[in-house]
Amino acid sequence: MEQGRKGGTLAAFAVVTTLFFAWGFITSLNDPVVTAVKGIFCLTDFRAQLSAFAFFIAYGVMSFPAAVLLARRKSIPTILIAFATMIAGCLLMLAAANFVTYGLVLLGLFVLAGGITILQVAANPLAASLGDPRYSHFRLTFSQAFNSLGTFIGPWLGAVLFLKGVETKACEGTSQAARLGSLAGIDRAYFWICALIAALALFFVLFRRVVSRAAPAPSRDAERLGVGGMFMQAWSSPWARLGGAAIFLYVGAEVSIGTQMAFFLHSDAIWGRSDAPFAVPLLGHIMGSDGVPGVSAQEAGKAVALYWGGAMVGRIAGSLLLARVSAARLLAAFAAIAAAMCLYVVLVGGVGAGYVALAIGLFNSIMFPVIFTLTLERSTAGDEATSGFLCTAIIGGALVPPLVGAVSGVAGYATALIVPAACYALLCLFALSARRAPVRADRLEPAATIH
């Protein structure tokens, strides 16, 4: 009986992990979208970063409604509602590409992200709780490795489809043919994403019983709480508030670096006038030189895949490290290293700063899942309320990138990394505080959340 229960839990975990790949792939397309819309619509850095704002502000709007939905409808219906919302967002992106309207791009990204928010509120605690609580860090980090596989593929594919001939340094450098080609690429990408989401929805309908049997039941209190009650329950917990601040800082830093990366690498102060990156074996292969001296916007956009690919490698390695090393200690070390790397870019610059900036992704790797599980272990609020609050805090990805865009417009792309450096320094303090804070007693019970 116990062996069958464990097998069902493992199967459910495998099914849920497919979601992490899907939303990672879709989210990472924001990086080439930000670069593309700047050239297509002749935008400033700040206005281009509104694409990231539109996407990530959905977490602030939708997270608590999603948590209430999860508590009342359970996991599988919530996940299917998320898929339907994501499909609506993709259809809006198709309309934006065909009507050449930036406002529709922003609306489409908001609706798409709303669906991903619902999906994330349901899937993160589900992945963390499907098994022995002692290994929740390992499970969520392992699932996030598949999320990173999606984020590795997304920027490269988006650069190929969206950025051919697009010029970000001067609007007049982008020809009408390049604009139309970029819009056609956006149209194709989101059409196939729509098909992918529909296939995943069918997949979950077929495997709904496997996940439903293994999923933990929501608390009875959570079922009675509305959005306001859910928020107040989370806000009453000091550790939910601290964890929310940490998620805000982490996502803000990660997204601001990712969305600025193509601009940064393409700038003359970094790789814009250099062919050195093409001599680096893996990097040169991914970028694929077009034969023109210097690094173009499309080549820089392809290189962004390595920023997210570093997170994939780091999460695989981090899954192993977390089985042996304290999660809080590892988070503190990774945050400190990421802060130091940002400061190197700010203070030193040059071609070498491009390599260092790409490598920051390696140390972003374990931050989200570890912050999430450290907070769940210490929060006195229910899991649904805490998860909803943490996902609300992902609005850091909406608010920090425009700030970084504004700084880069005044002081340059390299100097703008002082903002994520400060975010990582504060995350290091969060991790050190978590080491000293007690874990909730129910989180120490073996297999307490297996059903």
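Just so it is clear, none of the values below were taken in a lab; they were calculated from the coordinates. If you're wondering where the values come from, they're calculated on a predicted model, not measured in any experiment. All Cβ positions, even for glycine, are placed from backbone atoms using ideal geometry, and neighbour counts span all protein chains on display.
Helix 418-436 versus the longest principal axis of the chain: what is the Cα-based angle in degrees, 0 to 90, to the nearest 10?
It is inclined by approximately 20 degrees.
Rg and Dmax in Å for the stretch 37-125, alpha carbons only: what are they?
14.4, 45
Using the Cα centre of the stretch 228-361 as origin and beta-carbon charges of +1 (Lys, Arg) and -1 (Asp, Glu), tell me which of Val325, Met287, Val251 is placed farthest towards the positive end of the dipole.
Positive-most Cα among the choices belongs to Val325.
Only counting other Cβ atoms within 10 Å, I'd like Ser182, Ser175, Ser237, Ser387 sorted with the fewest neighbours first.
Details: Ser182 26, Ser175 13, Ser237 20, Ser387 31.
Starting with the residue having the fewest Cβ neighbours, the order is Ser175, Ser237, Ser182, Ser387.
What translational diffusion coefficient, to the nearest whole µm²/s, does the stretch 252-406 have by Stokes-Einstein, given a Kirkwood radius computed over alpha-carbon pairs, a temperature of 25 °C and 0.890 mPa s viscosity? Before the final figure, lay out the partial values.
Numbers: Rh = 16.9 Å.
Translational D for this selection: 145 µm²/s.
What does the helix-only formula give at 222 nm for the chain: each DSSP H stretch with n ≥ 4 adding -39500 (n - 2.57), the total divided by the residues, and the result rounded to the nearest 500 deg cm²/dmol? Could the numbers behind the result be given before it?
Working: 20 runs with 352 residues, N = 451.
Estimated from H runs of four or more residues: -26500 deg cm²/dmol.
Find the eigenvalues of the gyration tensor of the Cα atoms of the chain, then list the square roots of 5 times those eigenvalues as equivalent ellipsoid semi-axes, largest first, in whole angstrom.
Equivalent-ellipsoid dimensions as semi-axes: 35, 24, 19 Å.
Once the Cα atoms of helix 351-364 and of the chain are each reduced to a long axis, what angle between those two axes, in degrees from 0 to 90 to the nearest 10, is obtained?
10
In degrees, nearest 10, range 0 to 90: what is the angle between the Cα axis of helix 176-206 and the longest Cα principal axis of the chain?
Long axis of 176-206 versus the principal axis of the chain: about 20 degrees.
If R0 is 22 Å, what FRET efficiency do you get for Ala340 and Ala269 from their C-beta distance, rounded to 0.05? Write out the running numbers ahead of the final one.
On the way: r = 20 Å, r/R0 = 0.93.
Here the calculated transfer efficiency is 0.60.
With θ taken as phi - 60° and the coefficients 6.51, -1.76 and 1.60, list the Karplus ³J(HN,Hα) couplings across the stretch 14-23 in order, rounded to whole Hz; mark glycine and proline as x.
Values, residue by residue: 5, 5, 5, 4, 4, 5, 5, 4, 4, 6 Hz.
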